[in-house]
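Trainee: Below are the structure tokens for one structure; questions will follow.
The values are calculated or read from the model by the stated rules, or taken from the named source; none is laboratory data. Since this is a predicted model, take the numbers as computed values, not measurements. When we count neighbours, we look across all protein chains shown, and the Cβ atoms used for this are built from the backbone with ideal geometry, even at glycine. These accessible areas exclude ligands, DNA and RNA; they are computed on the full protein's heavy atoms, side chains included. Shrake-Rupley method; radii C 1.70, N 1.55, O 1.52, S 1.80 Å.
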Amino acid sequence: MGSQILLYVLIALLIDTIRAADHLKYGSSKKYTAKNMSPEHTTEYWNEKAQDILKQKLVQVQSPITNNAKNIIMFLGDGMSVHTVTATRNFMGDSAKQISFEKFPYFGLSKTYCVDSQVADSACSATAYLGGVKGNYGTIGVNANVPRFDCMAGLNVGNWVESIAQWAQNAGMDTGLVTTARVTHASPAGVYAHTAQRGWENDAEILKSDCSPKVNVDIARQLVEWPVGRKLKVIMGGGRSNFRNVTVIDEDGIAGQRYDGRDLIEYWIQDKRSQNVKANYVWNRKGLNSLNLNNTDYLLGLFSSSHCPFHGDLKRNNISTLVPSLSEMTESALKVLSKKNNGFFLFVEGARIDMAHHETKARKSLEDTEEFAKAVDLTRKMFSEEDTLIIVTSDHSHTMTISGYPYRDEDITGLAADQADDDLPYTILSYANGPGFENTYDKKGRKRINPEETIDPNFQYLATVPLASETHGGDDVGVFASGPFAHYFSGTYEQSNIPAMMAKAANIGTFKSAAGVHARPTVMALFIIHFFIILLKIR
């Protein structure tokens with residue numbers, strides 16, 4: 001018996017030695033020893049941490065903030081799945097870290113499906129989290145009576161969905177949007193647009209769908225010509241090409257995409273001059289930094305012909321002096337909107353989190369998530385929790401997962417601690433599908449991945465199914481809340497509930513208290529009338 005135990009011990013030691021050798025070869029991580037013991041190794045550390053959390057929760061439950069929100073700021077991490085948030089913690093240094101918005105007192109989950117699709121896109125989801133109504137995949141600002149690409153159904157005003165930006169404007173609040181996508185892209189368009197096809201960002205795209213751009217107004221025109229878009233005090237992001245004709249070369253030497261001869265940027269400038277307001281158009285970071293924001297009523301910033309660059313590329317490609325970061329745009333927008341005392345609604349989108357996932361470039365997605373968290377952090381510090389509600393959420397998830405039992409101190413963008421059963425290493429982060437398939441398999445089977453490859457920000461992470469673009473996921477997404485009525489955002493609920501709860505917190509729109517008070521007698525009156533009709537029938 002003693003010799004068998006000794007044999008088992010020797011085998012275990014041998015296996016551990018092999019594991020450590022493989023890990024040093026492919027993953028590189030130190031093992032914990034008495035010399036590098038941390039407080040986490042003690043029971044007291046975890047007990048004290050639990051006590052601190054319990055104290056915080058007790059305070060939150062006993063004294064939630066229930067006064068009306070003066071300001072509402074909604075942060076949308078496009079494609080920011082729960083896995084993305086988790087991976088970003090490690091990317092920022094350690095799994096025990098908390099990203100800025102994870103420190104918010106209340107957390108919930110929203111269900112992201114569309115009326116006609118289990119997995120949402122950024123269009124139907126924008127209609128839900130900004131308008132409170134779920135629509136069909138690919139449609140914006142319209143209900144499910146509008147099929148995608150339907151040239152006529154989207155023209156029916158009865159099918160249009162009002163956004164919380166419109167409710168805020170009707171209540172006398174200022175409004176704005178900031179995005180790292182084109183300002184006419186699906187998510188920001190949910191603030192102001194109504195369309196049967198998210199791709200109708202300019203008139204040329206409507207023509208491609210065999211619809212009339214004279215009847216169907218493109219999204220860029222809706223932004224500068226229609227009431228909600230015209231009233232936006234701040235518009236910042238990319239997408240200059242959708243505002244200018246194909247014969248016009250923009251500030252970066254790129255031609256526009258419009259066919260109708262319109263210059264919508266010039267139209268915006270002239271429209272604001274006719275209103276005798278102080279308005280500024282800027283196209284680069286220098287122009288933004290040179291503005292006197294205290295003397296700016298309206299701000300249009302278009303910093304790219306299409307989407308803004310990935311955040312990490314600003315420094316890598318030496319263009320950080322040309323294009324502002326998301327946090328810089330957000331801070332400028334807040335300074336413009338907070339000048340008056342009437343309150344405001346601001347929508348901020350970290351769009352490139354999603355686009356990096358589509359390319360299975362996980363490192364770039366985490367870089368953009370880190371910058372997104374920075375924008376949230378500076379915003380929370382600028383405004384009081386007593387009067388400003390901040391919501392941080394996502395429109396949908398992605399197929400990226402975290403696996404492989406990596407050691408605690410291992411870089412999450414690298415390789416798993418052990419090799420797979422085919423004696424080849426694999427990445428900790430991987431996707432269910434996408435272009436990363438090309439790095440995963442060849443005709444002989446799975447390819448060997450070297451640690452150096454994963455350092456490249458353009459490395460495409462392993463994917464199981466070959467697709468030119470990785471798909472969204474159908475998971476619920478997180479909702480983080482701080483400020484007045486933030487406790488409303490706990491639990492699991494429809495994504496379309498989000499604007500209702502934001503509006504209730506600010507006492508605006510359909511959910512304004514006065515509307516509810518006046519509605520009750522009407523409902524009661526109908527009930528009484530119905531009751532008497534029944535009585536008459538009985539007699």
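Trainee: Within the chain, what is the longest stretch that has no GluC sites (Glu not before Pro) placed in a DSSP loop and near at most 16 other beta-carbon atoms within 10 Å?
Mentor: Details: sites that count: Glu251, Glu385, Glu386.
It runs 1-250.
Trainee: Taking all pairs of distinct Cα atoms, average 1/r, flip it, and tell me the Kirkwood hydrodynamic radius of the range 415-466 in Å to one decimal place.
Mentor: Numbers: mean 1/r = 0.0898 Å⁻¹.
Hydrodynamic radius (Kirkwood, Cα only) of the range 415-466 equals 11.1 Å.
Trainee: In nm, what is the difference between 0.36 nm times the number of residues separating Trp226 and Val115 and their Cα-Cα distance?
Mentor: Details: separation 111, 0.36 × 111 = 39.96 nm, distance 2.69 nm.
This chain segment gains 37.3 nm when fully extended.
Trainee: Also: Arrange the residues Tyr426, Tyr259 by how much accessible surface each exposes, largest first, with a 1.4 angstrom probe.
Mentor: Working: Tyr426 60, Tyr259 145 Å².
Largest to smallest exposure gives the sequence Tyr259, Tyr426.
Trainee: For Met74, Met152, write out the residues from largest to smallest accessible area, computed with a 1.4 angstrom probe and no ligands counted.
Mentor: Met152, Met74
Trainee: Still on this structure, please answer the following. Read phi for every residue in the range 401-414 and hand back ³J(HN,Hα) as whole Hz from Karplus 6.51 cos²θ - 1.76 cosθ + 1.60, θ = phi - 60°, with x for Gly and Pro.
Mentor: So the Karplus estimates, Gly and Pro as x, are 10, 10, 8, x, 6, x, 5, 4, 8, 7, 5, 5, 8, x Hz.
Trainee: Kindly state, to the nearest 0.05, the FRET efficiency for Thr86 paired with Tyr407, given R0 = 22 Å and r defined as their beta-carbon distance. Numbers along the way, then the final one.
Mentor: Numbers: r = 16 Å, r/R0 = 0.73.
FRET efficiency, Thr86 to Tyr407: 0.85.
Trainee: On to the next question. How large is Rg over Rh for the chain, taking Rg from the Cα atoms and Rh as the Kirkwood inverse mean of 1/r across Cα pairs? Show your work: numbers first, answer last.
Mentor: Details: Rg = 26.2 Å, Rh = 25.4 Å.
Ratio of gyration radius to Kirkwood radius for the chain: 1.03.
Trainee: I'd like to know which of Tyr441, Pro457, Tyr431 lies farthest towards the positive end of the charge dipole of the range 415-466, counting +1 on Cβ of Lys and Arg and -1 on Cβ of Asp and Glu.
Mentor: Tyr441
Trainee: Okay, next question. Given a 1.4 Å probe, how much area per residue of the range 415-466 is accessible, in Å²? Show your work: numbers first, answer last.
Mentor: Details: 2620 Å² over 52 residues.
That works out to 50 Å² per residue.
Trainee: With θ set to phi - 60° and the Karplus curve 6.51 cos²θ - 1.76 cosθ + 1.60, what are the ³J(HN,Hα) couplings of the range 173-180 in order, to the nearest whole Hz, using x for Gly and Pro?
Mentor: Residue by residue, the range 173-180 yields 8, 7, 9, x, 9, 9, 8, 9 Hz.
Trainee: Per residue of the range 198-205, what does 6.51 cos²θ - 1.76 cosθ + 1.60 with θ = phi - 60° give for ³J(HN,Hα)? Whole Hz please, x for Gly and Pro, Karplus curve as stated.
Mentor: 4, x, 7, 7, 9, 5, 4, 5
Trainee: Angle between the Cα long axis of helix 326-337 and the longest principal axis of the chain, 0 to 90 degrees, nearest 10?
Mentor: Result, in degrees: 30.
Trainee: Given points 7 Å out from each Cα along the Cα-Cβ axis, report the Lys55 to Asp271 separation in nanometres with one decimal.
Mentor: 5.3
Trainee: As a check on your grasp of the helix formula, calculate [θ] at 222 nm for the chain: sum -39500 (n - 2.57) over DSSP H runs of n ≥ 4, divide by the residue count, round to the nearest 500.
Mentor: Numbers: 18 runs with 195 residues, N = 539.
Rounded to the nearest 500, the figure is -11000 deg cm²/dmol.
Trainee: Amide H neighbours of Gly238 under 5 Å, at least 5 residues apart or on other chains, H built in the peptide plane: list them.
Mentor: The answer is Ala181, Arg182, Val183, Phe303, Cys308.
Trainee: Starting from the residue with the highest accessible area, list Trp167, Trp46 in decreasing order, probe 1.4 Å. List each step's numbers first, then the result.
Mentor: Working: Trp167 20, Trp46 115 Å².
Ranked from most to least accessible, the order is Trp46, Trp167.
Trainee: If you fit an axis through the alpha-carbon atoms of helix 264-274 and take the longest principal axis of the Cα set of the chain, what angle between them do you get, 0 to 90°, nearest 10?
Mentor: 50
Trainee: Just to be sure I understand the model, the point goes 7 Å from the Cα along the line to the Cβ. What's the resulting Thr247 to Tyr259 distance in nm?
Mentor: Output for this residue pair reads 1.5 nm.
Trainee: Of all beta bridges DSSP finds with both residues in the chain, what is the antiparallel percent, to the nearest 5?
Mentor: Numbers: 20 of 58 bridges.
Close to 35 percent.
Trainee: Further question on the same structure: For the chain, which whole-number percentage of the solvent-accessible area (1.4 Å probe, protein heavy atoms only) is attributable to carbon and sulfur atoms?
Mentor: Working: 13750 of 24710 Å².
In the chain, the share of accessible area belonging to carbon and sulfur is 56 percent.
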